[in-house]
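Here is the structure we will look at, set down as structure tokens.
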Amino acid sequence: MKQNLLFLFFILISTRMLAQFGGGSTYDFLNLTSSARVNALGGNQVGMVDSAELTLSFYNPAALRPSMHNAISVNYIDFVSDINIGYAAYARHYEGVGTFAAGMQYINYGKFIAARENGDITGTFRAADYALNLIYSRKLNDRFYIGADLKPIYSALETYTSLGIAADLGISFVDSSGNFTAGLVAKNMGTQITTYQKNSSDREPLPFDIQAGFSQRLAHAPLQFNVTLQNLTEWNLTDKSIWDYDNAAEEEKNYNYKSDDFVKQFMRHVVLGVEFIPTKNFVIGVGYNFQRRWELSYGESSGAVGLSGGFTVKVSRFRISYAIASYHRSSTSNIFSISTNLSEFLK
């Protein structure tokens, strides 16, 4: 049975699928961060495993562990402009069956002014996206876990609404020392059920992606290194369909759009994070997201775009995390997380 599940997983992630980026898909909010700790490490880490960090299952469902039984986590992101993001999750383990978690992700885009083509204001409207996360993981053996995340989706943009369904499949590995972990995830496989245009049958693709990562904690130093490779279904992330630098007229060329060499193109797929862990109750993390920096920088001075940092501290029965990330020279994002295990209150 275990061999069949692994075979099915690799068949699914090796199936030819169209990858989308840069606005080429719908429900892109599914790729936004939901955890302060992970956001401090660049915004995405699929190879990490921490028995007390429930939100890691948002990035890789196989990171859900039996030790998270009765764990609860609440996360709030003060995103750019007036955009607010939230994620809350709760987990339970059933011996002999597996570990389950239910979470809700939402993004509120705020209030917009409605106007006609001639500029006449007609009122205001709001926009929001929601996804329910139904996560399951199971131990295969002492080294491997597998997991799945089923995500019903509801999107409401003014009077336009859409329903969709997505799923993540993940596998997680832990070595015998527990210092090295790795993960592989196929994310956002699915489809729109109903489109925003009710009289249209043209369904937009979801932001499908394959991601792989690992985490290495040093045996004799309080440091942990985390690396994730994302957008593995698409090599060229500069999107030359929008700007073909090599064939542009000389007067139109701008260094911001110059075609990347191999090294830069490879680094666009990389998210790096380093944690300093002096004690089990205190963690400091910093991260660098190459694609975020090169995609969202403007002009010669990029400031801290792509950089992030934060900390996690345990106070009594609660783990409190904070992270800050720079998406633009004029805008940063603040993320707050608090988690606990309800079983500790029953002792």
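The values are calculated or read from the model by the stated rules, or taken from the named source; none is laboratory data. Note that the structure is predicted; figures quoted are calculated from it, not measured. Cβ atoms come from the backbone with ideal geometry, glycine included; neighbour counts cover every protein chain shown.
Below is a table of values for the structure above.
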item	result
Scope the stretch 138-166; condition among the small types (Gly, Ala, Ser) and either in contact with a Gly (Cβ under 6 Å, 6 or more places away or on another chain) or in contact (Cβ under 8 Å) with a residue 40 or more places away in the chain (or both); matching residues	Gly147, Ala148, Ser155, Ser162, Gly164, Ala166
Any hit, the stretch 79-96, residues being assigned to a loop (DSSP other than H, G, I, E, B), at positive phi, in contact with a helix residue (DSSP H, G or I) (Cβ under 8 Å, 6 or more places away or on another chain) and not hydroxyl-bearing (Ser, Thr, Tyr)	no
Some residue of the stretch 105-115 being without any contact (Cβ under 8 Å) to a residue 12 or more places away in the chain and either buried (at least 18 other Cβ atoms within 10 Å of the Cβ) or not in a strand (DSSP E or B) (or both)	no
Scope the stretch 101-118; condition within 20 Å of Leu30 (Cβ to Cβ) and among the aromatic types (Phe, Trp, Tyr); matching residues	Tyr106, Tyr109
Test: Gly42 is buried (at least 16 other Cβ atoms within 10 Å of the Cβ), in contact (Cβ under 8 Å) with a residue 60 or more places away in the chain and at positive phi	yes
Residue match in the stretch 249-259 (condition: outside any strand (DSSP E or B) and at pLDDT 85 or above)	no
Cβ pairs under 9 Å, 6+ apart, first in the stretch 304-331 and in contact (Cβ under 8 Å) with a residue 60 or more places away in the chain, second in a strand (DSSP E or B) and charged (D, E, K, R)	Thr312/Glu275; Thr312/Arg319
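Yes or no, residue by residue, for (1) out of contact with any helix residue (DSSP H, G or I) (no Cβ under 8 Å at 6 or more places or on another chain); (2) β-branched (Val, Ile, Thr); (3) at pLDDT below 95; (4) over 30 Å from Pro205 (Cα atoms):
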residue	(1), (2), (3), (4)
Gly98	yes, no, no, yes
Met104	yes, no, no, no
Tyr109	yes, no, yes, no
Ala114	yes, no, yes, no
Tyr136	no, no, no, no
Glu158	yes, no, yes, no
Phe180	yes, no, no, yes
